[in-house]
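Here is the structure we will look at, set down as structure tokens.
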Amino acid sequence: MLRKNNTMIVTFLAPAVICYVLVFLYPTIRTLIMSLFAVESVSDPVSKWTFAGLDNYIKLFHTTMFLNSLRNIGRIWLVGGLAVMFLSLLFAVILTSGVRFKQFFRSVIYLPNVVSAVAMGTMWINYVYNVDYGLLNSFFRLIGLDALGSTQWTSPGNLFWSMLAAYCFGMVGYHMLIFMSGIEQIPSDYYEAALIEGANVFVRFRHITLPFLRGVIRTNVVMWTVYTVGFFVWGQLFSPVNLSNDTVAPMNYMYELVFGSSSSAATARDSGAGAAIGVIMMIIVIIVFTLTNRIVKNDDIEM
């Protein structure tokens, strides 16, 4: 019987293990190795690789464009993360407090996540930020703020913050649902007891909601980090021709190095440096995950 069970376990696990090795483990190991070699094309055979040691990493940290890309995702992660977490938690608390039409408001807030990033970014660029008929400029002109009404929101000085606002708009609903799922798991007895004791809404939030959401907050921070590290489409949409210091992210620069997508053709193809960027991004996610686990501790509060 034990032998039959082992055979069945191996039979069911084999497809998943094979897929994991081929789709995740092998590409990860190959990328780690490639980052230590000078490789022109990602499809070059190993025989054409030239060992470079840490030269790819040293070169990246001496490249202005790559340093700007790190600065951009740092601002996206910190400033955008604070805004998204605050708004998503606020909406989650409101929608789980017994407000009417809860399902409708939840669907409306989550709707941007259903729309593709390309369509959402195009909408913001053409119908929100357009200086002639865009929603934002028309609103400012309507209320008499003509200076703001004539602002070019996609100009170099405003481009990063315009892109960040559009990106955060689409991410609030996703993190809101995660917060809502955590809040809905909190027993109502705690809130009822707090009401009997005369605790107001802020006291209930501080001493009941937040402690129970530690694990959810940790999950949201890690997911936000993963999405930030993979930030790519929005940078391409707001700077579709050449890389811009205002919108470039590590993934945009990696794409440039590996595929030479820029119309200026000023960047030489360097798949080894592109692989090094992928390794750096992986290390960033691991560091944030480790720090989040240490800072936001889940003390296994009994329900």
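The values are calculated or read from the model by the stated rules, or taken from the named source; none is laboratory data. Here the structure is a predicted model, which is why all the values come from computation and not from measurement. Quick reminder, even Gly has a Cβ in these numbers, built from the backbone with ideal geometry, and neighbours come from all protein chains shown. Accessible surface areas use protein heavy atoms only, side chains included; no ligands, DNA or RNA. Shrake-Rupley method; radii C 1.70, N 1.55, O 1.52, S 1.80 Å.
Annotations for the structure displayed:
- Residues in the range 27-45 that are in a helix (DSSP H, G or I), of a type in the set (Val, Ile, Thr) and under 21 Å from residue 260 (Cβ atoms): 31 alone.
- Residue 119 being exposed (fewer than 13 other Cβ atoms within 10 Å of the Cβ), over 28 Å from the mean Cα position of the chain (by Cα) and assigned to a helix (DSSP H, G or I): no
- Checking each residue in the range 47-63 for being touching a residue at least 24 places away in the same chain (Cβ under 8 Å) and open to solvent by 90 Å² or more (accessible area, probe 1.4 Å) picks out only 59.
- Condition check for residue 204: in contact with a Leu (Cβ under 9 Å, 6 or more places away or on another chain), of a type in the set (D, E, K, R), surrounded by 14 or more Cβ atoms within 10 Å (Cβ to Cβ) and within 20 Å of residue 96 (Cβ to Cβ): yes
- Checking residue 42 against (1) buried (at least 17 other Cβ atoms within 10 Å of the Cβ); (2) in contact with a helix residue (DSSP H, G or I) (Cβ under 8 Å, 6 or more places away or on another chain); (3) of a type outside the set (Ser, Thr, Tyr), the condition it does not meet: (1)
- Considering residues of the range 99-114 that are farther than 23 Å from residue 205 by Cα and open to solvent by less than 60 Å² (accessible area, probe 1.4 Å) only, the residue nearest to the chain's Cα centre (by Cα): 113
- In the range 156-197, the residues that are within 18 Å of residue 245 (Cβ to Cβ) and crowded, with 17+ Cβ neighbours inside 10 Å: 159, 160, 162, 163, 164, 167
- Here the range 64-98 is the region considered, the condition is being out of contact with any helix residue (DSSP H, G or I) (no Cβ under 7 Å at 6 or more places or on another chain) and not in a helix (DSSP H, G or I), and the residue that is least open to solvent (accessible area, probe 1.4 Å) is 98.
- Residue tally, condition farther than 18 Å from residue 155 by Cα and either basic (Lys, Arg) or open to solvent by 30 Å² or more (accessible area, probe 1.4 Å) (or both), over the range 212-253: 13
- When residue 273 is tested against (1) more than 30 Å from residue 53 (Cβ to Cβ); (2) in contact with a Lys or Arg (Cβ under 8 Å, 6 or more places away or on another chain); (3) in contact (Cβ under 8 Å) with a residue 24 or more places away in the chain, just one condition goes unmet, and that condition is (1).
- Residue match in the range 271-289 (condition: hydroxyl-bearing (Ser, Thr, Tyr), modelled with pLDDT under 90, over 22 Å from residue 43 (Cβ atoms) and part of a helix (DSSP H, G or I)): no
- If only residues of the range 204-242 that are of a type in the set (S, T, N, Q) and without any contact (Cβ under 8 Å) to a residue 60 or more places away in the chain are counted, the one that is nearest to residue 170 (Cα to Cα) is 236.
- One residue stands out among those in the range 137-155 that are under 24 Å from residue 83 (Cα atoms), open to solvent by 50 Å² or more (accessible area, probe 1.4 Å) and in a helix (DSSP H, G or I): the one that is modelled with the highest pLDDT, which is 139.
- For residue 8, the conditions (1) open to solvent by 100 Å² or more (accessible area, probe 1.4 Å); (2) among the aliphatic types (A, V, I, L, M); (3) under 13 Å from residue 273 (Cβ atoms) all hold with the exception of (3).
- Residue within the range 49-65 that is at pLDDT below 85 and more than 19 Å from the chain's Cα centre (by Cα) present: no
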